[in-house]
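Visitor: Just dropping this structure here.
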Amino acid sequence: MGAVRSSPCLEGCFLLNASGVRRALLQGGEPGNGTAAAPWPKTLFLIRHGESAYNLYYAQHHQDPMDLFDAVLTAQGEEQARTAAASFPANLKVDLALTSPLTRAARTCVLALPPGHRGAKRYMVTPLMSEHLEASCDIGRTPKELAAAFPELDFRHLPDVWWYVPEEHRQGITPEGSQRLFTEEGRREPRSAFLERVDAFAELVAGASEGTIAAFAHADFFHEFLSRYFAQNDSKYEEYWMKNCEVLALRLEAPSALARPPDPEAEAEAEAPAPAQAEAEAEAEAAAAEAEAAPKRQPSGAMLGLSTLKKEISSQNPGLQPSELQRKVSTTWKNLDPAERERYMNLRN
């Protein structure tokens, strides 16, 4: 069958600034034809992708190989995706399937809800749902490559580089250039940009003319979505990490369920001594980038300190996801007093 139509209103949205992402959504209207009113209540299914090659590598080596771009599903991941179809209620018809363009999510989508009589009525690929770009597997492929791999889906609205790129490098960026920014300069997606995407996804769901929606995405993405929009009413979602191919059903009673939450981090920042906080964050982020991106250079004291702290926290918390571990290391480092940082920097692993 031909490619399932996606919305052109999101073209290039991943490269827009925060306000631009929201403006593109609001101007484009709902992801269908923009004329039907959004029905309430809605049923939203969240489906994390199946086991990926990156998941398997990290479980074995506990580090990013730094070149596993757009990781595919393993054989087990593909089987998990096929089995996930049984997790949907019998005789349920999904109106809209949303998927991240990353291969592990798109593949899970077409295996769990195969386009055709058993699949969703409509499919839409949106980079808003891509994973928080913190690992090599979160760098994607061009629309041409994705279309060849998934002829059932429509990628024509995506630019060649639809994943996060620092603003100063966006002009003329190529996939190879974005890979170099990641591996050689240690550039990662800021948390603020990531949360803007999570909130834009909530707006997309709220404005959709469909009432039953299935969303295929990633662990960090769904963790933040659940924490921001559902933890206030159900504490289990404060630290909820979905397993590979877990299917989570959510009932959305009214638009208020997806109202943009206040930003406690921004409020905390406003109350904190800005220069000291900014300096600590810059030091932690620069050292973390150096630790990840420059293994062949002579490590700095901060890099050694962060590496030691990371091993210590990892041994104390073996169940942490990679992004959870990185966040905990960064937060702990920022909160250390100068003497403690100096102690870590003088330790040798």
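The values are calculated or read from the model by the stated rules, or taken from the named source; none is laboratory data. Small disclaimer: the values here were computed from a predicted structure and weren't measured. Note that each Cβ is placed from the backbone with ideal geometry, even for glycine, and that neighbours are counted across all protein chains shown. Calculation scope for accessible area: heavy atoms of the full protein, side chains included, ligands and nucleic acids excluded. Shrake-Rupley method; radii C 1.70, N 1.55, O 1.52, S 1.80 Å.
Visitor: What number of residues within the stretch 162-186 are of a type in the set (V, I, T) and under 25 Å from Y58 (Cα atoms)?
Guide: Within the stretch 162-186, residues that are of a type in the set (V, I, T) and under 25 Å from Y58 (Cα atoms) number 2.
Visitor: I'd like the full set of residues that are of a type in the set (V, I, T) and without any contact (Cβ under 8 Å) to a residue 60 or more places away in the chain, limited to the stretch 134-177.
Guide: T142, I173, T174
Visitor: Then there's this: Of all residues in the stretch 123-159, which are open to solvent by 40 Å² or more (accessible area, probe 1.4 Å) and under 21 Å from F225 (Cα atoms)?
Guide: Within the stretch 123-159, just E134 meets the criteria.
Visitor: Right, something else. Out of (1) open to solvent by 60 Å² or more (accessible area, probe 1.4 Å); (2) at pLDDT 95 or above; (3) acidic (D, E), the odd one out for E239 is which?
Guide: Condition (2) is where E239 drops out.
Visitor: Does the stretch 181-209 hold any residues that are among the aliphatic types (A, V, I, L, M) and either out of contact with any strand residue (DSSP E or B) (no Cβ under 7 Å at 6 or more places or on another chain) or free of Cβ contacts under 8 Å to residues at least 60 places away in the same chain (or both), and which are they?
Guide: Answer for the stretch 181-209, where residues must be among the aliphatic types (A, V, I, L, M) and either out of contact with any strand residue (DSSP E or B) (no Cβ under 7 Å at 6 or more places or on another chain) or free of Cβ contacts under 8 Å to residues at least 60 places away in the same chain (or both): L181, A193, L195, V198, A200, A202, L204, A206.
Visitor: Has the stretch 67-89 got any residue that is among the charged types (D, E, K, R), buried (at least 16 other Cβ atoms within 10 Å of the Cβ) and assigned to a loop (DSSP other than H, G, I, E, B)?
Guide: Scanning the stretch 67-89, I find at least one residue that is among the charged types (D, E, K, R), buried (at least 16 other Cβ atoms within 10 Å of the Cβ) and assigned to a loop (DSSP other than H, G, I, E, B), so the answer is yes.
Visitor: I'd like to check something: does the stretch 98-114 contain any residue that is part of a loop (DSSP other than H, G, I, E, B), open to solvent by less than 10 Å² (accessible area, probe 1.4 Å), of a type in the set (S, T, N, Q) and touching a Gly at 6+ places or on another chain (Cβ under 8 Å)?
Guide: Checked against the condition, which is being part of a loop (DSSP other than H, G, I, E, B), open to solvent by less than 10 Å² (accessible area, probe 1.4 Å), of a type in the set (S, T, N, Q) and touching a Gly at 6+ places or on another chain (Cβ under 8 Å), the stretch 98-114 yields no hits at all.
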